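Working notes for the structure below.
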Amino acid sequence: MHIEYALIGKSLGHSWSRFIHERIASYQYELLSMGEEDFEILLEERNFKGLNVTIPYKQKVIPYCDVLSPGAKAIGSVNVVYRDENGMLHGYNTDYYGLRYLCTCAGVAVAGKTVAVLGSGGTSKTAQKAAADMGAAQILVVSRNGSVNYDTIKDREDIEVLINTTPVGMYPNTEAAPLDLRDLPGVSQVVDVIYNPAPTKLIQQAQHRNLVAAGGLAMLVAQAKYTRDIFLGGGEPALPQGEDAEITQMTDLIKKQLAQDLRNS
């Protein structure tokens, strides 16, 4: 199988990646849902130019990479693989830059604060690294069965920033939320990496309480732009410094499409 650029994962039925890449780049971009056997064959044959990688392969792809960017190495998760002119595979993590962009543009400030990251998977590791690099005083990783869980954090007033990296509330289970913000009276800023629906129930809770609230759509678009730049030879992205017009335009376009899809459903 020969492909040019693609997103690979186990289930991609509701991905917006092709929609985005077709509008911000001139190359062919595919969505490839695949099991582990096909994943291994694809990475062993290296018959592609670049890949986005999503669940469940963000860690499983690492052994196939000849070079890891410092960020991907520190996080332990790869969502972009680029094959250079010598056939070597370079692994990057543009989710990190996408999350940093989202926080920058939404005014989410974590420096000196206690941050609770919901979830313990690959995206959680990305959020933990981003929060640490942005100066968080303490980072709590919240999971269902860990020592820090949804019961033990209830009524803690020291948690000021909440980052959801779980799939709870993602389409089609749009009425779900990972927790009730009334149980966390100290939270003033909420980030949800889920982008469909926009907003999620968690973000709606935050907006109702007049908190700083940021859904994941801008993160999705930002990481796609950084991915495109890597595919075209740009290498490791620079840290975002402010709003990017291209990202904003694409984010607004998807919001309109999501609203139209909702009206037609």
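Readers should treat all values here as calculations from the given coordinates under stated rules, not as data from a laboratory. This structure is a prediction, so every number in the text was calculated from the model and none was measured. When we count neighbours, we look across all protein chains shown, and the Cβ atoms used for this are built from the backbone with ideal geometry, even at glycine.
Which of the GluC sites (Glu not before Pro) across the stretch 130-234 are loop residues per DSSP, with 14 or fewer other Cβ within 10 Å? Walk me through the numbers on the way to the answer.
Working: sites: 157, 160, 175; in loops: 157, 175.
Loop-located and lightly packed - 157, 175.
Applying 1/(1 + (r/R0)^6) with R0 = 25 Å to the Cβ-Cβ distance of residue 111 and residue 60 gives a FRET efficiency near 0.15.
Between the stretch 151-225 and the stretch 19-62, what's the alpha-carbon centroid distance in Å? A separation of 28 Å, based on Cα centres. Positive-end ranking of 177, 247, 33 along the dipole of the chain, with charges on Cβ about the Cα centre, is headed by 177. Annotation: extensible slack from residue 73 through residue 149 equals 24.6 nm (criterion: 0.36 nm per residue apart, minus Cα-Cα distance).
Which helices, taking whole DSSP H runs in the chain, have alpha carbons extending 20 angstrom or more along the helix axis plus mean Kyte-Doolittle at least 0.5?
Values: long enough: 217-231 (21 Å, 0.60); 245-264 (29 Å, -0.61).
Those that clear 20 Å and a mean of 0.5 are 217-231.
Label positions at residue 183 and residue 138, each projected 7 Å from the Cα along the C-beta direction, are separated by 1.8 nm. Using just the C-alpha positions of the chain as equal point scatterers, what log10 of I(q)/I(0) does the Debye formula give at each q in 0.14 1/Å? Here the Debye-derived log intensity ratios amount to -0.97.
Bridging of residue 125 to lysines at a Cα separation below 29 Å is possible for 10, 49, 58, 60, 73, 113, 154, 201, 225, 255, once same-chain residues fewer than 8 apart are set aside.
What does the C-alpha gyration tensor say about the overall shape of the stretch 96-217? Classify as rounded when a/c is under 1.5, otherwise prolate if a/b is larger than b/c, or oblate. The shape class here is rounded. Counting neighbouring beta carbons within 10 Å and listing from fewest to most, the residues 110, 78 come out as 110, 78.
Going highest first, how would you order 102-108, 205-211, 136-142 by mean Cβ packing within 10 Å? Write out the running numbers ahead of the final one.
On the way: 102-108: 19.9, 205-211: 15.0, 136-142: 18.1.
Final packing ranking: 102-108, 136-142, 205-211.
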